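Chemist: This is the structure I want to talk about, given as structure tokens.
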Amino acid sequence: MLNEQSLTDRAVIEGRPSHFTGAYEDYTTADIIWVVEQFQIEGDVQVAPFPGRGNINLHTYEVMAGGKEYLLQKVNTDVFALPYRVMDGMEASIRAQNESLISKPIDGWVPITLVRTRSGKSFLDLTDEHGWSVWRMMDRIPESCTYKSLSELGSREEQLRMASEVGRGLAIYSDLTSCIKPNGIEGSLPGYRDTGLYYRQFHSVVKGHRSLGDAAALLPDDPILRTSMGPHFLVALPEAEYLARLNDRELAPYIALVKEQEPFAMALWTAVAQGRIRHTVIHGDTKIENFLFDSSTGFVKALVDLDTIMAFTWLADWGDMLRSLVNVAGEKETDLSQVMVDEEVYKKVAEGFLSAATEITDQEVSMMVPAVQAIALELGLRFLTDYLKGDTYFKLGPGDPEDLNKTRAMVQLTLYRRLVEFGPEAERFIASVR
């Protein structure tokens, strides 16, 4: 059987991503039932595609067996080329939550439960006619609901109450998992949230590098990173189109902003490296749709989608969550005058977080406001770099405008400016709550 290491080594040698997947349509109902039966469940099995599946793990199924509900999921190795790392991080997160809840019970919080395979493992490692795949099964957390945005809630009062619950949920999750030793976790997405790496990509693209040889001085030394991220250091556009994008007068102030603010963008990494804030294990993808809420009470009950567990600082989770929640206009708004910070939502999320967080330090609290700004800046940098080199990372879908990543970059960098403007008031509010 192929294993993760052999796939990774082969990818490094051949200079290509390591993944083997079948298309969504490749799996029949009989195939899925067979996979389900490899796990420790009882009773007749019924399966159906899960309607709430996201854009990453497309092979997600609802399972009914023995009067119980489960979710079956195939790890998407097109995105997560190191699925064993995904599962190691997921198990560490679940274990830490359960162990912490013994000494610090939190009413209503329900960690994910993995169903073991017939051989006692936490996931199914499978090689068949579809290739190599990794499957996991979870108990479905009952009486829960999710939201893709606060706008799905009818009233402003309910939106603000839910914003507070999202903040409280992140605080609970971060506290419960703070016991995980970060040096024992290998991130499932090498290079993710590495601001310095993103800046090296930007500098390489601005210099017009088109080969790995040209970009050699900026490339990472790690072979896995070099394989997976190397292409994103290179311009993929014809020269005339590249120069048109690089010299776009509308983009010029944003390119200048990104260059000027590089030391600030590195603030979280610098603080961790200097030991001023804790090096912890984080969730890595704290958008609102990854929180589960009690269908009856509306209280937060879980943080799911544990694919991106990694070592960094909870401030990155905080910054990414708040950046997305307070962006009134959304990321595709072409009228930049509409890009504003929802100050009420900002304050409610902060209030909810600070009401529940017990493990945070004063130094970390002092960085809560700049953390949101830094993550918005980082995302703007990533969209900008991708637009300049030819949209090879944030790929365009059918019907997307050619300048979508330009728009996204300008929105995030405008949001960064608005967050900086709101910063003094945000600092005063957090100090008053703290």
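Chemist: I want to check the label-to-label distance for residue 402 and residue 359. Put each point 7 Å from Cα in the C-beta direction and report it in nm to one decimal.
Modeler: Placing both labels 7 Å beyond Cα along the Cβ direction yields 4.9 nm.
Chemist: To continue, here is another question. Give the order of 61, 199 when sorted by the count of other beta carbons within 10 angstrom, beginning with the fewest.
Modeler: Details: 61 22, 199 19.
Ascending Cβ contact count within 10 Å gives the list 199, 61.
Chemist: Return the lysines within reach of residue 332: Cα separation strictly under 28 angstrom, same-chain partners fewer than 8 residues apart disregarded; answer none if there are no such residues.
Modeler: 148, 207, 259, 287, 347, 348, 389, 395, 406
Chemist: Between residue 335 and residue 186, what is the label-point separation in nm under the 7 Å Cα-to-beta-carbon projection?
Modeler: Placing both labels 7 Å along Cα→Cβ, they lie 5.0 nm apart.
Chemist: So how do 337, 188 line up by other beta-carbon neighbours within 10 Å, fewest first?
Modeler: Values: 337 8, 188 25.
Starting with the residue having the fewest Cβ neighbours, the order is 337, 188.
Chemist: With each label point set 7 Å from Cα along the Cα-Cβ vector, what nm distance links residue 394 and residue 425?
Modeler: 2.6 nm
Chemist: Still on this model: Considering the alpha-carbon set of the chain alone, what are its Rg and its Dmax in angstrom?
Modeler: Spelled out, the Cα radius of gyration and Dmax of the chain are 22.0, 65 Å.
Chemist: Any idea which of 281, 211, 243 is furthest toward the positive side of the dipole for the stretch 150-433, if Lys and Arg beta-carbons carry +1 and Asp and Glu beta-carbons -1?
Modeler: 211
Chemist: Can you give the local net charge around residue 319? Use residues other than it whose beta-carbon is closer than 11 angstrom to its beta-carbon, Lys and Arg +1, Asp and Glu -1. All intermediate terms of the calculation are to be shown ahead of the outcome.
Modeler: Numbers: positive: 193, 323; negative: 317, 320, 378.
After counting each charged neighbour, the total is -1.
Chemist: Nearest 500 deg cm²/dmol is fine: what mean residue ellipticity at 222 nm does the chain get from its DSSP H runs of n ≥ 4 alone, each adding -39,500 (n - 2.57), divided by its residue count?
Modeler: Numbers: 15 runs with 192 residues, N = 434.
Only helices count here, giving -14000 deg cm²/dmol.
Chemist: Longest span of the chain, sites excluded, free of GluC sites (Glu not before Pro) in DSSP loop with at most 12 other C-beta atoms within 10 Å? Please report the intermediate quantities before stating the final value.
Modeler: Details: sites that count: 37, 42, 129, 143, 250, 402.
Within the chain, the longest run free of exposed GluC sites (Glu not before Pro) spans 251-401.
Chemist: Taking other Cβ within 10 Å of each residue's Cβ, how do 161, 249, 210 sort, fewest first?
Modeler: By the 10 Å Cβ count, ascending, the order reads 249, 161, 210.
Chemist: Also, I was wondering about something else. Residue farthest toward the positive end of the dipole of the chain, with Cβ of Lys/Arg at +1 and Asp/Glu at -1: which of 163, 133, 372?
Modeler: With unit charges placed on the Cβ atoms, the residue in question is 372.
Chemist: Okay, moving on. Please label the shape of the stretch 295-434 as rounded, prolate or oblate, based on the square roots a ≥ b ≥ c of the eigenvalues of the alpha-carbon gyration tensor (a/c under 1.5 means rounded; beyond that, a/b larger than b/c means prolate, else oblate). Could you put the intermediate results ahead of the total?
Modeler: On the way: a/c = 1.85, a/b = 1.57, b/c = 1.18.
Prolate, since a/c reaches 1.5 and a/b exceeds b/c.
Chemist: Just want to confirm a number: the relative contact order over the chain, from Cα pairs under 8 angstrom separated by 6+ residues, in percent.
Modeler: On the way: 697 pairs, mean separation 76.0, N = 434.
That works out to 18 percent.
Chemist: Which value, in debye to the nearest 20, gives the size of the charge dipole of the chain about its Cα centre, when Lys and Arg are +1 and Asp and Glu are -1 at the Cβ? Numbers along the way, then the final one.
Modeler: Values: 43 positive and 63 negative charges, 177 e Å.
It comes to approximately 840 debye.
Every read-out reported here was derived from the displayed coordinates using simple, explicitly stated rules and does not represent laboratory data. Because the structure is predicted, anything quoted here is derived from the model rather than measured. Methodologically, a virtual Cβ is constructed for each residue, glycine included, from the backbone with ideal geometry; neighbour enumeration extends over all protein chains shown.
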